[in-house]
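Have a look at the structure below, then the notes.
What follows is calculated from the coordinates using simple rules that are stated; it is not laboratory data. Please read all numbers here as calculations on a predicted model, not as lab measurements. Ideal geometry is used to build each Cβ from the backbone, glycine not excepted, and the neighbour counts take in all protein chains shown.
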Amino acid sequence: RKEVEQDPGPFNVPEGATVAFNCTYSNSASQSFFWYRQDCRKEPKLLMSVYSSGNEDGRFTAQLNRASQYISLLIRDSKLSDSATYLCVVNGLTGGGNKLTFGTGTQLKVEL
Amino acid sequence: NAGVMQNPRHLVRRRGQEARLRCSPMKGHSHVYWYRQLPEEGLKFMVYLQKENIIDESGMPKERFSAEFPKEGPSILRIQQVVRGDSAAYFCASSPAKGQNTEAFFGQGTRLTVV
């Protein structure tokens, strides 16, 4: 089983749609969780951290379910500029430090 | 406050040559990570370093690849005797001292092409 699993997509949605991405992780000892965004051939950039209580940033909502080892990202009122690959990232503390493990990413294409 | 700096941005090497990729972390960051991204694939963890220490190299190929993060200067990822399959984007990320909810910040990557 992969450490972090995501549906690779692509998700093709019309502008204004709501879209949800899911991610599961295998290490129950994982400590912190993030969503990163990667545009084509660019470096990944932090989109938002994911907290147990759930958190929202504008049109983006992230949720964590520790019991099910499941993370989600919801994008409301999607824009053309949201087209990118969304990476689920899990931080499993190792050797006294951090090891960030990335899922392979879910590709989103927002269309007119 | 400069971000994570990687150089060169693009590197072309002939098969059998050595490739050296450099990464200067953000100011105040003592943790460095290297990731490789093959065309059309996800980011694969290679190695995690702190100053003068390799913490986790479970993603490094056993041969030809090495990494260091000296007390002074940038982190270096070295690939000896490159082969075509080494062609990829190599991303470096840095984070501050350990702790929960510590995100990593990425450099723009080095795109290695082996011809």
* Structure fact -> The set of cysteines in chain A having no other cysteine's C-beta under 4.7 Å reads A:CYS40
* Asked: If you place +1 on the Cβ of every Lys and Arg and -1 on the Cβ of every Asp and Glu, how big does the dipole about the Cα centre of chain A come out, in debye to the nearest 20?
  -> 260
* Looking at the range A:11-77, what % of the alpha carbon pairs are farther apart than 16 Å? -> 52
* To do: Could you work out the mean count of beta carbons from other protein chains within 10 Å of each residue's beta carbon in B:35-42?
  => 3
* **Average beta carbon contacts from partner chains per residue of A:36-46, 10 Å cutoff** => 5
* Where does the protein assembly as shown land on Rg/Rh, using Cα atoms and the Kirkwood Rh? -> 0.97
* Would you be so kind as to identify which of B:THR113, B:GLY42, B:ALA67 lies farthest towards the positive end of the dipole of chain B, taking Lys and Arg as +1 and Asp and Glu as -1 on Cβ and the Cα centre as origin? => B:THR113
* Among A:SER53, A:SER26, A:SER78: highest mean-square fluctuation, GNM of chain A, C-alpha pairs under 10 Å -> A:SER53
* Taking the convex hull of the Cα atoms, report for chain A its projected area averaged over all directions, in nm². => 7.1
* Relative pair counts by distance (%), Cα atoms of chain B, 10 Å bins -> 15, 49, 30, 6, 0
* To do: Considering Cα pairs under 8 angstrom that are at least six residues apart, work out the relative contact order of the range B:52-102 and quote it in whole percent.
  => 24
* Debye, to nearest 20: dipole size of the protein assembly as shown, +1 on Lys, Arg Cβ, -1 on Asp, Glu Cβ -> 760
* With 32 Å as the limit, write out which pairs from A:LYS109/B:LYS44; A:LYS2/B:LYS71; A:LYS79/B:LYS51 have Cα-Cα distances beyond it, or answer none. => A:LYS2/B:LYS71; A:LYS79/B:LYS51
